[in-house]
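Chemist: Questions regarding the structure given below will be posed in turn.
The values are calculated or read from the model by the stated rules, or taken from the named source; none is laboratory data. Model, not experiment: these values are computed from the prediction. Cβ: placed from backbone, ideal geometry, glycine included. Neighbour counts: every protein chain shown. Note: accessible area is taken over every heavy atom of the protein model, side chains too, but ligands, DNA and RNA are not part of it. Shrake-Rupley method; radii C 1.70, N 1.55, O 1.52, S 1.80 Å.
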Amino acid sequence: MIEDCTINIRLDASVGEISPNIFGHFIEHLGRCIYPGIWVGPNSKVSDEYGFRRDTVSALKSISAPVIRWPGGCFADYYHWEDGVGPRESRPRRINVWWKGEESNEFGTDEFIQLCKIVGSEPYICVNVGSGSPEEALAWLEYCNLSGNTKYANMRINNGHLEPYNIKFWGVGNESWGCGGNFDPVYYAWEYRRFATFMKRVDPTIKLIACGHITRDWNYRFLENLRDYIHLIDYLSIHYYFRNGQRYGGDINFTDDQYYNLLYDIQHLEYQIQQAIHVIDFFSEGRKDIGLIVDEWGVWHPQATVDTGLYQQNTLRDALLAASILNLFIKYCSKVKMANIAQAVNVLQGVCLTEGDKTVLTPTYYVFRMYKSHMNNYALCVESDSPIIWSEEKELAQSKIKLKPLKALDVSASLSSDKKCLIVTVVNQSLDKDYSAKICTNVNAKFLECTFESLNANDVRAYNDFVSKETVKTKEEKFSVNRSSFEFTFEKHSVNKLIFKLD
Ligand code: AHR
């Protein structure tokens, strides 16, 4: 059945520029993410000349992965970067305290930078605060960014890398309220000031990212203790995982109610974003433009445990979730400047999975490939209406936050920087109904032609595996329009992108 909806786009009302970095990724020395998801060594038959998996690199390239965060995650606060540079055969093996097993250190700073170069991504390094020291972080910064005749800059040169890497993004610890040291916000603020004071002194061009939390209290107390040193912070980061087996079911087995619960709960992430922005604005008091980063996000199914290396399957449902979350980041793009889905390969909501020499692209991969059209565009205000498809009376009554019933269509729109293309992404979240919507702009702009791309499958539980690699995939069509409005039908449980050429 088809029901009518509207999508009105305010072509003259931009909510901000969409940083490409909101479509970012995260890799950690965890499970099979780096070994063998990314690094297999130069002698492998699936590797390129450097030692990276050709298939993974090509997947990350095709989605134009704009930024990659590394080395963790919890791993970051136990990582000693000097273990991972110099001749590979003499690098020490270490225990991986958080994720079991041993760390060979074959993939270190120079390999990470090489990966980013090949993929075309900006590197984002998280330094060790939990078990490290400012001295160690400064040495790492010197190794990466300085060009003088000094110990660590020379170490990089001796390792074959003449030019400094000029890494812009540096995280000061990871989840310092948890695996990063179980600090309280006051103590973390104290450590943060120590690290940041010297890091900014060594390289004033870097951007520093502080660990925030999804409790308002942590962010409030942390920033309160940084009030007089606000110049030391460029971004506050939060993490958000959808992790509740009872409420969301498993990776491939879930009920219809559990499907809706997951999409409905995106509102909790929105609430955390609003809260974090509120606290940032309160303490920066217009003195400093501090951005918000969501540098770990995604769905964490019960199948992903330390024993499975946080491996899980990834269905069309997860892709719908990813698309709606990217719509949310676009909505808040004036403040959300980066986001990194966890994690790129073989861990949690990866964009690809590997097994031996085989690779499979997950439904979430296709969302990132579709959404790259929004990069660097101006996000537009959208007024959209569609029928309510899910509401939980109990949740609505009990929740401290103002939850809204879930509507069928979740929409975002952007205008290309040359103002010649309008990009509209629409997620039809309904499990059983196609919806038709009339798309128009407030200035009656004429649409010349439309390129349409859609991600869907017969069932929302569908996924791609090593036997059936293309159960969930995209299809594309082109239409001539030549009108100022366009009626379009969005299939049930689908992610859609329309690119309109404007007159
Ligand atoms: O992404 C897996 C883990 O989740 C990360 O290591 C940690 O930061 C978070 O708790």
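Chemist: Give Gly41, Gly31, Gly16 a once-over and let me know the one that is within 16 Å of the ligand (Cβ to nearest atom) and touching a residue at least 12 places away in the same chain (Cβ under 8 Å).
Modeler: Gly31
Chemist: Just to verify a result, which residue in region 156-167, among those that are assigned to a loop (DSSP other than H, G, I, E, B), without any contact (Cβ under 8 Å) to a residue 60 or more places away in the chain and surrounded by fewer than 17 Cβ atoms within 10 Å (Cβ to Cβ), is farthest from the ligand (Cβ to nearest atom)?
Modeler: Selected residue: Leu162.
Chemist: Does Ala445 fit the bill of being touching a residue at least 40 places away in the same chain (Cβ under 8 Å) and part of a strand (DSSP E or B)?
Modeler: When the stated conditions are applied, Ala445 does not pass them.
Residue-by-condition table, conditions (1) assigned to a loop (DSSP other than H, G, I, E, B); (2) within 14 Å of the ligand (Cβ to nearest atom); (3) among the aliphatic types (A, V, I, L, M):
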position: Arg287; (1), (2), (3): yes, no, no
position: Pro302; (1), (2), (3): yes, no, no
position: Thr305; (1), (2), (3): yes, yes, no
position: Gln313; (1), (2), (3): yes, no, no
position: Ala323; (1), (2), (3): no, no, yes
position: Lys337; (1), (2), (3): no, no, no
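Chemist: So how many residues does region 51-110 have that are open to solvent by 50 Å² or more (accessible area, probe 1.4 Å) and among the aromatic types (Phe, Trp, Tyr)?
Modeler: 2
Chemist: Here's something else I'd like to know. Over 20 Å from the mean Cα position of the chain (by Cα), modelled with pLDDT of 95 or more and within 16 Å of the ligand (Cβ to nearest atom), is that true of Tyr50?
Modeler: On the way: over 20 Å from the mean Cα position of the chain (by Cα): yes; modelled with pLDDT of 95 or more: yes; within 16 Å of the ligand (Cβ to nearest atom): no.
Taking the combined requirement at face value, the residue does not satisfy it.
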